[in-house]
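Engineer: After the structure tokens below, expect a handful of questions from me.
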Amino acid sequence: MSTLSIVATPIGNLSDITFRSIEVLKSVDIILAEDTRTSSKLLKHYKISAKVDSFHMYNEHKKLNSIIKKIKCGTSMALISDSGTPGISDPGFLLVRECIKNGINVECLPGPTALIPALILSGMPSEKFAFEGFLPVKKGRTKRLNELSNENRTLIFYESPHRINKTLNDLSLIFGDTKKISISREISKKYENTFRGTISESIDFYNNNKPKGEFVIVLSPN
């Protein structure tokens with residue numbers, strides 16, 4: 001029986017991958033990738049020639065049993081997502097849980113993730129925080145924000161450029177215009193920047209500046 005390796009990949013700058021991660025990706029029989037086209041850039045860059053198979057939110061249930069059988073038969077595998085650490089707002093949880101159920105050893109290599117740099121860059125308290133990932137798009141969205149309105153920890157959210165304006169307006173309604181906020185975008189990439197101010201100021205800013213890239217929102221604790 002082989003091991004499943006969870007490998008974090010760069011969120012922007014290809015140099016952010018660890019030496020150990022490269023060694024593992026070169027040594028396994030199969031790499032499970034969220035998007036094989038996206039991952040091919042990284043794998044080609046580091047001359048990694050292992051077989052690559054797709055594993056994403058639309059096929060993970062279908063492929064789960066066959067992957068478990070292969071690992072049990074001695075096929076070594078590594079799981080990567082398009083960027084960052086698998087299982088953090090990316091596929092991975094189901095496979096890890098199934099491996100544990102079947103007595104398969106799982107190792108998770110430390111590596112890049114967007115939420116920690118954004119938290120540090122915010123200048124907000126970091127000793128206690130709550131990571132919420134992406135908010136519900138429609139159903140349950142307002143309910144979840146209301147549940148978080150009295151949270152005494154720093155809050156962290158992921159958001160896309162298509163919904164950032166809506167999310168900021170929703171945050172304003174629940175948390176108030178003067179709540180302190182930090183918004184980091186394109187972390188580790190060429191156009192990385194961080195906005196710091198109030199929710200009201202952030203709404204004005206993104207009304208006048210077209211949102212581009214992936215966003216990490218950090219809200220100050222109560």
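The values are calculated or read from the model by the stated rules, or taken from the named source; none is laboratory data. Keep in mind that this is a model prediction, so the values were computed, not measured. Reconstructed Cβ throughout: ideal geometry from the backbone, glycine too, with neighbour counts over all protein chains shown.
Engineer: Given the structure, is residue 207 within 19 Å of the chain's Cα centre (by Cα) and polar (S, T, N, Q)? Talk me through it step by step, then tell me what you get.
Structural biologist: Numbers: within 19 Å of the chain's Cα centre (by Cα): no; polar (S, T, N, Q): yes.
For residue 207, the condition - within 19 Å of the chain's Cα centre (by Cα) and polar (S, T, N, Q) - is not met.
Engineer: Select from the range 60-72 the residues that are of a type in the set (A, V, I, L, M, F, W, C) and in contact (Cβ under 8 Å) with a residue 60 or more places away in the chain and list them in ascending order. Give the derivation first.
Structural biologist: Looking only at the range 60-72, we keep the residues that are of a type in the set (A, V, I, L, M, F, W, C), and these are 64, 67-68, 71.
71, the sole residue that qualifies.
Engineer: Something else about it: Filter the range 77-102 down to the residues that are part of a loop (DSSP other than H, G, I, E, B) and either farther than 25 Å from residue 11 by Cβ or without any contact (Cβ under 8 Å) to a residue 60 or more places away in the chain (or both) and list them by number.
Structural biologist: Applying the first criterion (part of a loop (DSSP other than H, G, I, E, B)) to the range 77-102 yields 81-83, 85-92, 102.
The answer is 88, 90, 91, 102.
Engineer: Filter the range 103-122 for residues that are in a loop (DSSP other than H, G, I, E, B) and crowded, with 17+ Cβ neighbours inside 10 Å; which is farthest from the chain's Cα centre (by Cα)?
Structural biologist: From the range 103-122, those in a loop (DSSP other than H, G, I, E, B) are 103-105, 109-114; that's our starting set.
With crowded, with 17+ Cβ neighbours inside 10 Å added as a condition, the list becomes 104, 109, 111-114.
Numbers: 104: 24, 109: 15, 111: 11, 112: 9, 113: 6, 114: 6 Å.
Once the filter is applied, the top-ranked residue is 104.
Engineer: Being outside any loop (DSSP other than H, G, I, E, B) and under 27 Å from residue 83 (Cα atoms): is that true of residue 165 here? Steps first, please.
Structural biologist: Working: outside any loop (DSSP other than H, G, I, E, B): yes; under 27 Å from residue 83 (Cα atoms): yes.
So residue 165 passes the test.
Engineer: Filter the range 5-20 down to the residues that are over 11 Å from residue 112 (Cα atoms) and touching a residue at least 24 places away in the same chain (Cβ under 8 Å) and list them by number.
Structural biologist: Correct list: 5, 6, 20.
Engineer: Same structure again: Might you check whether a residue that is in contact with a Cys (Cβ under 9 Å, 6 or more places away or on another chain), outside the structural domain of residue 184 (by TED's automatic domain parsing) and surrounded by 14 or more Cβ atoms within 10 Å (Cβ to Cβ) occurs anywhere in the range 53-66? Give the steps one after another, and end with the answer.
Structural biologist: To start, the set of residues in the range 53-66 that are in contact with a Cys (Cβ under 9 Å, 6 or more places away or on another chain) comprises none.
No, because not a single residue in the range 53-66 is in contact with a Cys (Cβ under 9 Å, 6 or more places away or on another chain), outside the structural domain of residue 184 (by TED's automatic domain parsing) and surrounded by 14 or more Cβ atoms within 10 Å (Cβ to Cβ).
Engineer: So, one more: Kindly check whether there is at least one residue in the range 71-79 that is within 28 Å of residue 159 (Cβ to Cβ) and buried (at least 21 other Cβ atoms within 10 Å of the Cβ). Spell out the reasoning first.
Structural biologist: Initial filter on the range 71-79 (within 28 Å of residue 159 (Cβ to Cβ)): 79.
With the extra rule that they be buried (at least 21 other Cβ atoms within 10 Å of the Cβ), the set shrinks to 79.
Looking for residues that are within 28 Å of residue 159 (Cβ to Cβ) and buried (at least 21 other Cβ atoms within 10 Å of the Cβ), one finds at least one in the range 71-79, hence yes.
Engineer: Hey, can you tell me all the residues within the range 180-202 that are crowded, with 19+ Cβ neighbours inside 10 Å and not in a strand (DSSP E or B)?
Structural biologist: 187, 199, 202 - these are the residues of the range 180-202 that are crowded, with 19+ Cβ neighbours inside 10 Å and not in a strand (DSSP E or B).
Engineer: Let me ask something additional. Given the residues 132, 98, 127, 151, which is the only one that is acidic (Asp, Glu) and under 30 Å from residue 28 (Cα atoms)?
Structural biologist: On the way: 132 fails: under 30 Å from residue 28 (Cα atoms); 127 fails: under 30 Å from residue 28 (Cα atoms); 151 fails: under 30 Å from residue 28 (Cα atoms).
After ruling out the rest, the residue left standing is 98.
Engineer: So which residues in the range 189-222 are modelled with pLDDT under 95 and either of a type in the set (A, V, I, L, M, F, W, C) or on the phi > 0 side of the Ramachandran plot (or both)?
Structural biologist: 213
Engineer: Show me the strands (runs of 3 or more DSSP E) found entirely inside the range 1-72 where at least 1 residues are out of contact with any Asp or Glu (no Cβ under 9 Å at 6 or more places or on another chain). Give the derivation first.
Structural biologist: Values: elements: 4-6, 30-33, 51-54.
Here the list reads 51-54.
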